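K.L.:
First, the structure itself, so that you have it in front of you.
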Amino acid sequence: MAHENFEIADGVDHQVAMVMDLNKCIGCQTCTVACKTLWTEREGTEYMYWNNVETRPGKGYPRRWEEKGGGWVSDEHTERTPGEIPASEDYGEAWEFDHEGILKEGEDKKLAPEGGKPEWGPNWDEDQGAGEHPNSYYFYLPRICNHCTHPSCVEACPRQAVYKREEDGVVLVDQDRCRGYRYCVEGCPYKKIYYNAVSKNSEKCVFCYPRIEGEGPDEEIHPPACADQCVTQLRLVGYLDDTDGPIYKLVEQYEVALPLHPEYQTTPNVYYIPPFAPPQHSEGGETVDVDRIPRSYLEQLFGERVHDALDTIEQERQKVERGGYSELMEILQDTNPAEQYRLDRTGVFDDD
């Protein structure tokens, strides 16, 4: 099957993808709750957050995941870099609360985690950020499995339990084949695959594939729960090879949607519109022509292309301010679900 500039994994017909506009994320964690309620309320999954929202700059979840290794040495994908399994303390223990006693039985105590004072948890450093007054800064970074084109977790599994689906490139774990060796956890540089100590299997984000297949009670196609429940509609979901869709235009045509840590060489299929922020201010409150969020930090996250992406977005914004038209700005502001979530392959691809 012929494609244009983008890369589709061998044996995959179409690649589903997601773009998140970080300028719209308010850190409300609605996506996190939607995902956890739907997928990880079973025994052994208490510590798992297939979707999480981190404050950046920050240590992330699991703590300092960027230092744990994994991924590929180069874009030839012949040699993987060594990785490690995060310690349980880096995820944080699942906190227990006495909701029954306090809220229903009226016990005279404050609502707080039971069993001692916690020392770490998901988004423990929420809203801390970096910088000094009056130029401190932070932004939110939602994360799910990237459903990579070259997933190192797939290569790491000696039982071929981790695989990419042929129809849409979603990365899944065959629970019957998995033996819980956790090589996949070591291999994933984003640490977005987890071990269930009860079932003795690995688990991960499944891109809500039953929803995008229309397997719900209404037999309608729906986007993943994290996207569907987002209060600011910051996520666009579709197929990377749908050349008329917003995913393709943001990633390939305008090149403003970027993968997280491209140096890991896994070719993620989750992309981000990098964040803007007001310029810095002097102690006297005067505007200073200095970026509040240092571009050097954004480059650490999204690579060298972040400079061109930010420049392109700024140019298009100025075009609209002058009364002109910008397709890019229209895409980023569109709230029409039919365009935000282009998941019905019928009529989009001739071979479906």
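What follows is calculated from the coordinates using simple rules that are stated; it is not laboratory data. Not measured: the values here are computed from a predicted model. In this analysis, Cβ positions are derived from the backbone assuming ideal geometry, glycine residues included, and neighbour counts consider all displayed protein chains.
K.L.:
Between segment 100-156 and segment 5-70, what is the separation of their alpha carbon centroids in Å?
P.N.:
If you average the Cα positions of each part, the centres end up 13 Å apart.
K.L.:
Next question, about the same structure. Just to be sure I understand the model, the point goes 7 Å from the Cα along the line to the Cβ. What's the resulting residue 276 to residue 28 distance in nm?
P.N.:
2.2 nm
K.L.:
Can you tell me the length gained on complete extension of the stretch residue 175 to residue 73, counting 0.36 nm per residue apart and subtracting the Cα distance?
P.N.:
Length gained between residue 175 and residue 73: 33.9 nm.
K.L.:
Can you work out D for the chain in µm² s⁻¹ from Stokes-Einstein, where Rh is the Kirkwood radius over C-alpha pairs, the temperature is 4 °C and the viscosity is 1.567 mPa s?
P.N.:
60 µm²/s
K.L.:
Give me the extension gain from residue 93 to residue 128: residue separation times 0.36 nm, minus the current Cα-Cα distance, reported in nm with one decimal. Let's see the in-between values first.
P.N.:
Numbers: separation 35, 0.36 × 35 = 12.60 nm, distance 2.11 nm.
Once the chain is fully extended between residue 93 and residue 128, it gains 10.5 nm.
K.L.:
Charges only on Cβ, +1 for Lys and Arg, -1 for Asp and Glu: so what's the dipole of the chain about the Cα centre, in debye to the nearest 20? Intermediate results must be reported in sequence, preceding the final value.
P.N.:
Working: 35 positive and 69 negative charges, 186 e Å.
Magnitude of the dipole: close to 900 debye.
K.L.:
Whole-Hz ³J(HN,Hα) for each residue in segment 310-317, computed from phi via Karplus 6.51 cos²θ - 1.76 cosθ + 1.60 with θ = phi - 60°, x for glycine and proline: what do you get?
P.N.:
3J(HN,Hα) across segment 310-317, in whole Hz: 5, 5, 5, 4, 5, 4, 5, 5.
K.L.:
For the chain, with the dipole built from +1 on Lys and Arg beta-carbon atoms and -1 on Asp and Glu ones, taken about the Cα centre, which of 331, 45, 72 lies farthest toward the positive end?
P.N.:
Farthest towards the positive pole: 45.
K.L.:
Which of the residue pairs 36/200; 24/164; 59/109; 117/204; 24/319; 192/249 have a Cα-Cα distance greater than 24 Å in the structure shown?
P.N.:
In this structure, 24/164; 59/109; 117/204; 192/249 exceed 24 Å between Cα atoms.
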